[in-house]
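**Student:** One structure, pasted below without further comment.
The values are calculated or read from the model by the stated rules, or taken from the named source; none is laboratory data. Just so it is clear, the structure is predicted and the values come from calculations on it, not from any experiment. Cβ sites come from the backbone with ideal geometry, for glycine too, and all protein chains shown count toward neighbours. Ligands, DNA and RNA are excluded from the accessible area calculation, which covers all protein heavy atoms including side chains. Shrake-Rupley method; radii C 1.70, N 1.55, O 1.52, S 1.80 Å.
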Amino acid sequence: MSFLIGGRPLADRLVAELPSFVRRVLAEITSRVPEYQQLPREELAGDITRVIEQALRAFADVLRTGVLPTGEQLRFLRESAARRAEEGVPVDVVLTAYHVGIQVVWEALVPDARPEEVGEVLKLNALAMRYLQVVTPVVSAGYLDERQTIFDDERSARHTLLTGLLAGTVEASGPHVVLALHVPPHPDELLPGVDASVAARRKLRRLRTELERHSREPVLSSLGVEGGLALLPGEDLPLDRIVADVTRSAGVPLTVAAVAAPPSGVAAAAGLAREVLDVALRSGPGLYRLADVLLEYQLSRPSAALGPLAAVVAPLSDELVGTLEVYLRRGSRRPAASELHVHPNTVDYRLRRVAELTGLDPTRIEHVTLLTAALAARRAQP
């Protein structure tokens, strides 16, 4: 098979004018694709030029024989794509270059076609599309295989570093904030007919992406669909905004404990963050630092006072305990009644029962501290 355009075999003309076509394709690519303009000159003149030349020679063989490229020709293009992946050139940029090359050839040669060669032009167009259909997946596969290798290496290195930091055998390059996160199921995970694992992974991907967006450096993490640890590089971070953004992206109410860590203290901070999270889970979603749960944290530690403290509120029913907790948190009977969806008089009655059963009056300031501690001790007990 030999295409005739302007009365001349197209393959012969392409080979004869190959240096000119290579220069034109290179100029067109660098003009249209900004990423190629940023490549080193020696790479453009060397590796990129060789790839263009090889691709055009392969296309010339297709024009001459009608047989699509295989074997060594495709292997060269695949290896070239892998090098672009290693250099960090985006895959869409790599693929665009091949389409631009075919377009340059088309625009240079087809205008010379004679009226009786219209059929040849149509056949040429179909063959060019088939050529791209063969080349595109090979180039994509070469690129993606290399990117996967790079990703696996980076992930392995991150995992090794995180393991060392959490074990205390490696010192961080700078201060970090350790986040311990509890991630509840997304509503999509609970819908009948929905693949819960897919919904959970999507939730986790959004969460990780948002964490990465708030950091100039990679975020080391051991996050699963139910939570885990994340290490944010830096100090004095806007944690309230970060947690709010991450919560919004995840689409679920997160409970997050944050502990600052010096370079040599990541392991200790991670342990403390987990403990703060355990305490914070009893209070509801939000961002918690140790200062936010000092009393509850201290009372959750084993001590001789824990049992006697919890015994103070042991006579109370769950209803009375719930009322007492809301009242102490809200500080007034009417807001407490509104949250509990009861009449204020009902709150008054229940608080009187608390006083009768415990000997401590929730409305008296001198009794509030002990009642608060007793409730915290009650929550801390298994």
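**Student:** Once the piece of chain linking Asp318 and Thr136 is laid out straight, how much longer is it, given 0.36 nm per residue of separation minus the C-alpha distance between them?
**Tutor:** Using 0.36 nm per residue and subtracting the Cα-Cα distance, I get 58.9 nm.
**Student:** Also, quick follow-up: How high is the FRET efficiency from Thr363 to Ser264, r the C-beta distance, R0 41 Å, rounded to 0.05?
**Tutor:** Once the sixth-power term is evaluated, E becomes 0.25.
**Student:** To continue, here is another question. Whole angstrom only: what separates the Cα centroid of the stretch 90-146 from the Cα centroid of the stretch 318-382?
**Tutor:** 76
**Student:** Find the accessible area per residue for the stretch 107-232; the probe is 1.4 Å, ligands and nucleic acids are left out, and the unit is Å².
**Tutor:** Value returned for the stretch 107-232: 57 Å² of accessible area per residue.
**Student:** Roughly how tilted is helix 344-358, in degrees to the nearest 10 and between 0 and 90, from the longest Cα axis of the chain?
**Tutor:** That works out to roughly 60 degrees.
**Student:** Arg155 to Glu79: FRET efficiency via 1/(1 + (r/R0)^6), r the Cβ-Cβ distance, R0 25 Å, to the nearest 0.05? Numbers along the way, then the final one.
**Tutor:** Details: r = 24 Å, r/R0 = 0.95.
Rounded to the nearest 0.05, the efficiency is 0.60.
**Student:** Within the stretch 199-235, what residues put their amide N at less than 14 Å from the label point 7 Å along the Cα-to-Cβ vector of Arg282?
**Tutor:** Flagged as within label range: none.
**Student:** Work out how much length His99 to Val118 would gain on full extension: take 0.36 nm times their residue separation and subtract the Cα-Cα distance, in nm to one decimal.
**Tutor:** The His99-Val118 span can extend by a further 4.6 nm.
**Student:** Of (i) 20.7; (ii) 21.4; (iii) 26.9, which is the value of Kirkwood radius over Cα pairs in Å derived from the coordinates here?
**Tutor:** Answer by label: (iii).
**Student:** Can you give me the angle between helix 118-167 and the longest principal axis of the chain, using Cα atoms only, in degrees from 0 to 90, rounded to the nearest 10?
**Tutor:** Tilt of helix 118-167: around 30 degrees.
**Student:** If you don't mind, another one. Please work out the Cα center distance from the stretch 172-221 to the stretch 40-73, rounded to the nearest Å.
**Tutor:** 43
**Student:** Give the angle, between 0 and 90 degrees and rounded to the nearest 10, that separates the Cα long axis of helix 18-32 from the longest principal axis of the Cα atoms of the chain.
**Tutor:** Helix 18-32 and the main axis of the chain meet at about 30 degrees.
**Student:** Just the number please: accessible area per residue for the stretch 287-382, 1.4 Å probe, all protein chains included, in Å².
**Tutor:** 56
**Student:** On a full-extension model of 0.36 nm per residue, what is the gain between Glu17 and Glu339, subtracting their alpha-carbon distance, rounded to one decimal in nm?
**Tutor:** Working: separation 322, 0.36 × 322 = 115.92 nm, distance 8.27 nm.
Stretched fully, the Glu17-Glu339 segment lengthens by 107.6 nm.
**Student:** Another question, then. With the full set of protein chains in place, find how many percent of the accessible area of the chain is carbon and sulfur; take the probe as 1.4 Å.
**Tutor:** 54
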